[in-house]
Protein chains: 4
Amino acid sequence: MVRPAANTLHIAVLGVTGYAGAELARLLLTHPRLAQTPPLFFGRESETLSIKLTSLHPQLSGLPNADDLSVSPFNWEQLQREGIEVLFLATPHEQARELAPIALSYGIKVIDLSAAWRLQHAPNRAIYKLEDTPATDTLQKTAVYGSPELHGPAIASAQLIANPGCYATSIILALAPLLRANMVDLNIGIIADAKSGVSGAGKALTPNNSFMYAADNLSAYAVFGHRHTGELLEQLGLTSDQIQFTPHLLPIPRGILSTIYIRLNEPGSIKSIQDTFDEFYASSPMVRVRRSPALPQIQHVVRTNFCDLGFQLSPDGKRLVVISCLDNLLKGASSQAVQNMNLMAGWHEIEGLL
Amino acid sequence: MVRPAANTLHIAVLGVTGYAGAELARLLLTHPRLAQTPPLFFGRESETLSIKLTSLHPQLSGLPNADDLSVSPFNWEQLQREGIEVLFLATPHEQARELAPIALSYGIKVIDLSAAWRLQHAPNRAIYKLEDTPATDTLQKTAVYGSPELHGPAIASAQLIANPGCYATSIILALAPLLRANMVDLNIGIIADAKSGVSGAGKALTPNNSFMYAADNLSAYAVFGHRHTGELLEQLGLTSDQIQFTPHLLPIPRGILSTIYIRLNEPGSIKSIQDTFDEFYASSPMVRVRRSPALPQIQHVVRTNFCDLGFQLSPDGKRLVVISCLDNLLKGASSQAVQNMNLMAGWHEIEGLL
Amino acid sequence: MVRPAANTLHIAVLGVTGYAGAELARLLLTHPRLAQTPPLFFGRESETLSIKLTSLHPQLSGLPNADDLSVSPFNWEQLQREGIEVLFLATPHEQARELAPIALSYGIKVIDLSAAWRLQHAPNRAIYKLEDTPATDTLQKTAVYGSPELHGPAIASAQLIANPGCYATSIILALAPLLRANMVDLNIGIIADAKSGVSGAGKALTPNNSFMYAADNLSAYAVFGHRHTGELLEQLGLTSDQIQFTPHLLPIPRGILSTIYIRLNEPGSIKSIQDTFDEFYASSPMVRVRRSPALPQIQHVVRTNFCDLGFQLSPDGKRLVVISCLDNLLKGASSQAVQNMNLMAGWHEIEGLL
Amino acid sequence: MVRPAANTLHIAVLGVTGYAGAELARLLLTHPRLAQTPPLFFGRESETLSIKLTSLHPQLSGLPNADDLSVSPFNWEQLQREGIEVLFLATPHEQARELAPIALSYGIKVIDLSAAWRLQHAPNRAIYKLEDTPATDTLQKTAVYGSPELHGPAIASAQLIANPGCYATSIILALAPLLRANMVDLNIGIIADAKSGVSGAGKALTPNNSFMYAADNLSAYAVFGHRHTGELLEQLGLTSDQIQFTPHLLPIPRGILSTIYIRLNEPGSIKSIQDTFDEFYASSPMVRVRRSPALPQIQHVVRTNFCDLGFQLSPDGKRLVVISCLDNLLKGASSQAVQNMNLMAGWHEIEGLL
């Protein structure tokens, strides 16, 4: 993309009522490039609420423009009238599947935080029951998986960004360098034992995200069938035999830690592993690679856009444990979306994210 | 009550699906007097579920009889057929208001964990929108407020026990000794600043008992209008000007701590206050009075039937802070109900509660 | 202060190892005015460590300049050599009492986060066992209590800022408007029931800040003798009979909620109370006054520099409950210190704080 | 063991100050067989404290005999004078290595909760730096690993019980049935990803068991070198290449969940796996095998002596995930010790444990 970076962008957010939506609103309100052009905020299509933004999210009060803004029922006319250039979708995936094509038809770029456009292979999409038509098939091929560390240039020129899943981001960033370097024994297979805070389950009230279920507890779920598996397979080029992913529900509000078990093709050295990660992420300011044996922990990444990676190698050099941490609402959702927006606008990818 | 204590009782529980119901089930299953006569368990009237008890509450598996028991739709025929003597009601208060008279008409005693029968004064009942008829008015007068420390003899011979509220138990036990001794300056008024774990809000899913609302948070609610206020006024003989009660939602599963601010009529001594508490509770094994300046804390009472009391006196002897702690699901609900059952059966009040 | 605002400041921080020190480091590293002049960071005088900043606080890695900075043993020569203009002290109060006069003698302004210089009245200082000499007496009189909402102009021209205590900030901001308006019945006295997260206790390992003590617990402490009481009395112009302050330890990392009970001199209206707060804080961007009956909660202020205030009035207009929330490490310590720095530099007080 | 079961036992506990010691005290005080012969409680050898038991552990007040008991400095004379038959050691392993032989020489049986006597192979003991002499070598061979589900008969006649580690218990009980049935492909190797609450780290104050470190966090530790690994290898008959165990620190007070990844020798069926577990634990009342796909969670086992097991099988029948949960202070320490005591006394193993 060679066009000069704009000074600002006209932004709208659809679906500001949820947890990721609220964080997205906070990031956009405090983004230095958007100070003069505050975003438009909309409820989800089903939500006809018209309410002050700070009544919905009192924690945003006092941020630039926040107290003057409202959350309105969504309508395309307003988007066009106000010259919206980028639309963030923080809606259920079914809705995002319908809305993205319309936005694009109006010349509005889309950053979709749902799973609607993440998956190129129909069988992987099947689990989401997404509609497939010739038109969506065509559009799907143009969607860019919004992992700035893997697809930065494609993101910069994309019209439709499929913002990655939180678990998927955590595991993909841990594995991509090793797989690209052909270091992993894929006959043995990879184990990704992942643990997430409760906000990962969204804001809809369910027994499992009640305080009494989640507090002082730990539970595994979706053991052989979590929906993010498709993203892992596609982005990492693996078959379902080659990686096993088990999520757990942690008794904390936010944060993911993934413990990833790898058998190496050949006995490795700490230095060779460290170099592999360092080189892969040399130009990625939002990935922090710790010096082995130091390991990431959730507390270091919560409320940041960083993904922290660290590893330890078995004494015989054959087995590797990689730990990956991020904030599921930020690097796993809204701040990664803003990172993508920065790239699309030609700004530095970290603007507004530190 | 002079009739000899029975060896056992035939018990039924209506409303075993909630938190207090599950704890009640646990206590009854492990009660030494009930080993040969396991209780009948029913869902609430609106719940037509028929399910194994341990499918509903896996944590009860392995307890005596637990794996053989079911939770059935409620029906009076079964109660009569099986000779039920005591019915625990762990239902919404509207239901308890309807069911208690029917049970009593069948000769079945009732221990009602709801607020349906706690309040003698109609204005205090109004907040619960309870039906008042001549029949309920008459029955109401016979209901005994199930605070074993205050009304032990009346409980022993009661047909209908109104099991106290959790906040109310905590505050009443802290204040009763001082008020009976006329030590409190009621012109100034009492402040009861109370904090409760999330289970106090019940199992129905609401935004405020979601993990994301309650965790890492603290919030006050029902500031000038919590429903338990009526119990405080009636049991302590106070007017609404004389006590101000403010509940807060703590980010813990269970436990209440009440911090109670009292101005004394006359400057007191630590010894006189300590003696007042000690004497009042000399025969109450479930109230533990700490030696000032030691204070109770929630961790000491959680998962027990104890109410812990402690206090500190200002250097000038005029102002007193009393701290009261209990487990809202146990002493504040189900274990106090079992304590009442023990008294009604002529057993020692602590049986099955340590 | 009429001198023009500088573009930047040369800053040093003594005591970056603790929780407030780490937060202060984060705020200074991301402060837009300090991007070209990263602060010098020192351990406490007793700590001779020389270590990379991001080894000490891995969560700071990736912030501007952070990975290039070290934490060094403190020495005055370096401060002078590098032209330090403002020294933050995040040390125990005994040390701050010794160091502040030395810094001032070198022409370096001081923002002291300890209690060393907060108290003008010797009896209030006595509890801290602070040294009193004619020199410290003279200096004490020049110290400005760093509450920007109360003493903004004095802060702007101060040489020595005594940054307020966390509990004290919470309670003072709640009461100052009402006391200034003579609305409070001081014969009855004020009750401030305050609850704080564990970070308020500092980083030194003690039984009471261990996870096993604090988690799932609540406990009152320092019932008639918390050290912050002196700040309340001096800043609010009260006698010790007129306010009673009881702190509690909450099972959360950070955040304070104070529930404050007030009897009004004359029955008030919601509007009059709301107006009193609104007018008092009309020019204070870091205090957010909620519309009654909405109340603050800890979750809304954590990780921000805001103090949130809200209130409810009894139906008869005589009794008032004010709720005040802030983050004890930020508005209660480090971000309030930065707010003070902004005022001293002639910058807008919120710079770098949103 | 054919001698008739005694009605009671004379018990002493050395090391009642820690978390497991406090739980052990609670279990022994409420044990129906010990009501007439309350245990003697001692501090650790280094602790010369003489204190009321309920001053040390206020939560025990009100339990049978508790308020009359003291914790005394340890001395052998008193043990002999009072005819102690079983000594529980809840001390560091170095101390337990010294004390057990002395107790046995006095004819006192020992249940050691430390790791001192768990390991038969010197290399596995080396990590604990335990003293090895000909005498300890001989004694070591007689020590019985106190897993009632694996070694019930040997426990019944043992003089010296090495009570298992908490992580080890969790993983061994999950794997023993499958390994005994030769179902596990040991060429691939087993992954045991385990997560424990903070009490597992003991009561000594360390940075990592402070509230501010552990709360809202998750971290892996001891990745290729946790000390419990030796127990796994010896009890399961595995080599260190065949199992990889990674512990994590959960932000909860107590409870362990282990997620265990197994490749099967041959594709299995849910029924065959279920039967394997059911048959293995048919006579083990403290192990609860859940029906697949139901899985254990920590909340179901906390404050109980149960170990819950559950599993799910991949659609192709080749990969198995077993989840194992227990309370690290109970089944992972003190209640398993009481279970062993019950077996040694000829009582039912669950007495006093429900």
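Every number in this text was worked out from the coordinates using simple rules, so none of it is lab data. Note that this is a predicted model, so its numbers are computed, not measured. Positions of Cβ are backbone-derived with ideal geometry, glycine not excepted, and every protein chain shown enters the neighbour counts.
Things worth noting here:
- Nearest residue to the symmetry axis between C and B, taken on chain C by its Cβ, in whole Å: C:Asp193, 2
- Taking other Cβ atoms within 10 Å as a rough exposure proxy, A:Leu150, D:Leu250 sort from fewest to most as A:Leu150, D:Leu250.
- For segment A:167-326, alpha-carbon Rg relative to the globular expectation (2.2 N^0.38 Å, N residues): 1.04
- Antiparallel DSSP beta bridges within chain C, as percent of all bridges there, nearest 5: 50
- Dipole magnitude of segment A:1-91 about its Cα centre (Cβ charges: Lys, Arg +1; Asp, Glu -1), debye to nearest 20: 200
- For B:Ile350, residues with placed amide H under 5 Å, excluding near neighbours: none
- Note on B:Glu82 and B:Asp68: their simple-model spin labels are 1.2 nm apart, each label 7 Å out from Cα toward Cβ.
- Sorted shortest first, the separations between the D:Ile127 label point and its copies elsewhere in the assembly read 3.4, 4.9, 5.7 nm; each point sits 7 Å from Cα along the Cα-to-Cβ line.
- With a Cα cut-off of under 29 Å and a minimum spacing of 8 residues unless on different chains, the lysine pairs in chain B number 19.
- Working note: Karplus 6.51/-1.76/1.60 with θ = phi - 60° gives segment A:142-152 the couplings 8, 5, 10, 6, x, 9, x, 6, 9, 10, x Hz, where Gly and Pro are set to x.
- Residue mean of other protein chain beta carbons inside 10 Å, D:295-303: 6
- The protein assembly as shown pair-distance distribution - Cα-Cα, 10 Å bins, rounded %: 1, 8, 15, 20, 21, 18, 11, 4, 1, 0
- Taking other C-beta atoms within 10 Å as the exposure proxy, A:Thr276, B:Thr133 rank B:Thr133, A:Thr276 from fewest upward.
- Helices in chain B, meaning DSSP H runs of at least 4 residues, each add -39500 (n - 2.57). Divided by all residues, the mean residue ellipticity at 222 nm is -8500 deg cm²/dmol.
- Each copy carries C:Ala204; placing its label point 7 Å along the C-beta direction from Cα gives inter-copy distances of 2.1, 5.0, 5.2 nm, listed from smallest up.
- Average other protein chain Cβ within 10 Å of Cβ, residues D:49-58: 2
- Dipole magnitude of segment C:185-309, debye to nearest 20 (Cβ charges: Lys/Arg +1, Asp/Glu -1, about Cα centre): 520
- For segment C:299-312, Karplus couplings with θ = phi - 60° (6.51, -1.76, 1.60), whole Hz, Gly/Pro x: 4, 6, 10, 4, 6, 10, 8, 7, 10, 9, 10, x, 7, 9
- Nm distances between copies for C:Pro32, ranked from closest, using label points 7 Å along Cα→Cβ: 0.7, 7.3, 7.3
- Between the amide H of B:His10 and those of B:Glu85, B:Val86, distances stay under 5 Å, these residues lying 5 or more places away or on another chain, with hydrogens modeled in the peptide plane.
- Taken residue by residue and averaged, Cβ atoms of other chains lying within 10 Å of the Cβ of A:239-251 number 4.
- Each residue of segment A:338-345 was assigned a 3J(HN,Hα) from its phi angle through the Karplus expression (A = 6.51, B = -1.76, C = 1.60, θ = phi - 60°), giving 5, 4, 5, 4, 4, 5, 5, 8 Hz with x at Gly and Pro.
- According to the calculation over all Cα-Cα pairs in chain A, the P(r) per 10 Å bin from zero is 5, 25, 34, 24, 9, 2, 0 %.
- Gap separating the Cα centres of segment D:50-74 and segment B:99-175, nearest whole Å: 38
- Degrees separating the helix C:19-29 axis from the principal Cα axis of chain C, which is the longest one: 70
- Relative to the Cα centre, the charge distribution of the protein assembly as shown, modelled as +1 at Lys and Arg Cβ and -1 at Asp and Glu Cβ, gives a dipole magnitude of about 0 debye.
- In this structure the amide hydrogen of C:Val71, modeled in the peptide plane, comes within under 5 Å of the amide hydrogens of C:Ile51, C:Lys52, C:Leu53, none closer than 5 places in sequence on its chain.
- Taking other Cβ atoms within 10 Å as a rough exposure proxy, B:Ser61, D:Ser70, B:Ser199 sort from fewest to most as D:Ser70, B:Ser61, B:Ser199.
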